[in-house]
Amino acid sequence: MADMKPLTIWTVYHDDKQIAEYGLKETDTRKLYANHHTDADHEVNVLNPAWSELTAMFWIWWNTTDTRCIGINHYRRKFEPKRLPLEGEVCIYQMDNWGSETVAQQFARHHGQMALDIMISCLRQHDKKGDHYASNILNGHLLVRSCCFVMTTKDYDRMVLWLFPLLKKIRCRLIGDPDTQEDELKRWRDYAVKHFGEEKADYQMRCISFIGERLVSAWIMENLNIIQIEHKASVNP
């Protein structure tokens, strides 16, 4: 344990051009994650067109064992914590306030009532706190934005072990059980074309990533004490 780092922040990007465009660089505490590279060591990234940054979150969880605190940043949303969180604490990049619109209403308006209903149904059945998470989404007006945070590795483990089995249940309800990653991408695109049309398919095939963002937000607010918010945003519905 002597070589345990205090903090590692992963900055996720989607195009090699973004390294120069956004001044991305690695430091003692910051690493870059190329979410579009699909070599043998990063095969999970094949699902990036549907799962977006969630593929990076899974790979980072599977491969990071040498740091006490772990962070996920977006190439356009980078921040450093003013102090490192303790277990049960978290620093976040942005909290959105949807005003008179709930998180559920905003999601349904943009991504469809059916996907919302399936998310809530699976969430309520997933574990004993399911109703609390569902209430956060159905009745709450605040959203932890873009899965950008810093928390202890222990809390990150807890969140990921809760999140991805739940997302697989939701995926099965929405598109069935794919045979391969390529089959899964086809199913997500077919789903998007069916419900939103060809013009919006590239965006709406990321349904599972939009669901994941809401679930991460609910989990953080229900389980951790937020000690730092870089940006507070009021969003007009």
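The values are calculated or read from the model by the stated rules, or taken from the named source; none is laboratory data. Worth saying up front: this structure is predicted, and the values here are computed from it rather than measured. So basically every Cβ, Gly included, is an ideal-geometry build from the backbone, and we count neighbours across all protein chains shown. The area values use the complete protein model at the heavy-atom level, side chains included, leaving out ligands, DNA and RNA. Shrake-Rupley method; radii C 1.70, N 1.55, O 1.52, S 1.80 Å.
Restricting to the range 98-110, count the residues that are at pLDDT 95 or above and open to solvent by 10 Å² or more (accessible area, probe 1.4 Å).
Step one: filter the range 98-110 for residues at pLDDT 95 or above, giving 101-110.
Adding the requirement that they be open to solvent by 10 Å² or more (accessible area, probe 1.4 Å) leaves 101-102, 105-106, 108-110.
Residues flagged as at pLDDT 95 or above and open to solvent by 10 Å² or more (accessible area, probe 1.4 Å) within the range 98-110 amount to 7.
Every condition in (1) in a helix (DSSP H, G or I); (2) touching a Lys or Arg at 6+ places or on another chain (Cβ under 8 Å); (3) farther than 22 Å from His36 by Cα is met by Ser135 except one, and the failing one is (2).
Can you say whether Leu166 is crowded, with 19+ Cβ neighbours inside 10 Å, modelled with pLDDT of 95 or more and not aromatic (Phe, Trp, Tyr), as far as the supplied structure shows? Please lay out each step first, then the result.
Values: crowded, with 19+ Cβ neighbours inside 10 Å: yes; modelled with pLDDT of 95 or more: yes; not aromatic (Phe, Trp, Tyr): yes.
Here the answer is yes, as Leu166 does meet what is asked.
Which of the residues that make up the range 12-31 are open to solvent by less than 40 Å² (accessible area, probe 1.4 Å) and farther than 23 Å from Phe210 by Cβ? Scanning the range 12-31 gives Leu24, Arg30.
Pairs meeting the criteria (first residue in the range 9-27 and closer than 18 Å to Thr55 by Cα, second residue crowded, with 17+ Cβ neighbours inside 10 Å and among the β-branched types (Val, Ile, Thr), beta carbons under 8 Å, at least 6 apart or on different chains) are Ile9/Ile70; Ile9/Ile72; Ile9/Val150; Trp10/Ile60; Trp10/Ile70; Trp10/Ile72; Val12/Ile72.
Restricting the search to helices (runs of 4 or more DSSP H) fully inside the range 176-235 and requiring at least 3 residues that are surrounded by 17 or more Cβ atoms within 10 Å (Cβ to Cβ) gives 181-196, 207-223. Inside the range 76-88, can you point out the residues that are open to solvent by 30 Å² or more (accessible area, probe 1.4 Å) and either touching a helix residue (DSSP H, G or I) at 6+ places or on another chain (Cβ under 8 Å) or β-branched (Val, Ile, Thr) (or both)? Within the range 76-88, Arg77, Glu87 meet the criteria. Residues that are part of a loop (DSSP other than H, G, I, E, B), closer than 30 Å to Leu7 by Cβ and touching a residue at least 40 places away in the same chain (Cβ under 8 Å): does the range 88-105 have at least one? Scanning the range 88-105, I find at least one residue that is part of a loop (DSSP other than H, G, I, E, B), closer than 30 Å to Leu7 by Cβ and touching a residue at least 40 places away in the same chain (Cβ under 8 Å), so the answer is yes. When the residues of the range 126-163 are filtered to those that are out of contact with any helix residue (DSSP H, G or I) (no Cβ under 8 Å at 6 or more places or on another chain) and over 15 Å from Thr102 (Cα atoms), the one that is most open to solvent (accessible area, probe 1.4 Å) is Lys128.
Looking at (1) in a helix (DSSP H, G or I); (2) among the hydrophobic types (A, V, I, L, M, F, W, C); (3) out of contact with any helix residue (DSSP H, G or I) (no Cβ under 6 Å at 6 or more places or on another chain), can you tell me which one Leu116 breaks? Of the numbered conditions (1) in a helix (DSSP H, G or I); (2) among the hydrophobic types (A, V, I, L, M, F, W, C); (3) out of contact with any helix residue (DSSP H, G or I) (no Cβ under 6 Å at 6 or more places or on another chain), the odd one out for Leu116 is (3).
Here Leu47 does not fit the description of being over 18 Å from Ile19 (Cβ atoms) and open to solvent by 60 Å² or more (accessible area, probe 1.4 Å). Taking residues in the range 198-221 that are within 16 Å of Gln106 (Cβ to Cβ) and aromatic (Phe, Trp, Tyr), and partners anywhere that are at pLDDT 95 or above and in a helix (DSSP H, G or I), the pairs with Cβ atoms closer than 6 Å and at least 6 places apart or on different chains are Phe210/His111.
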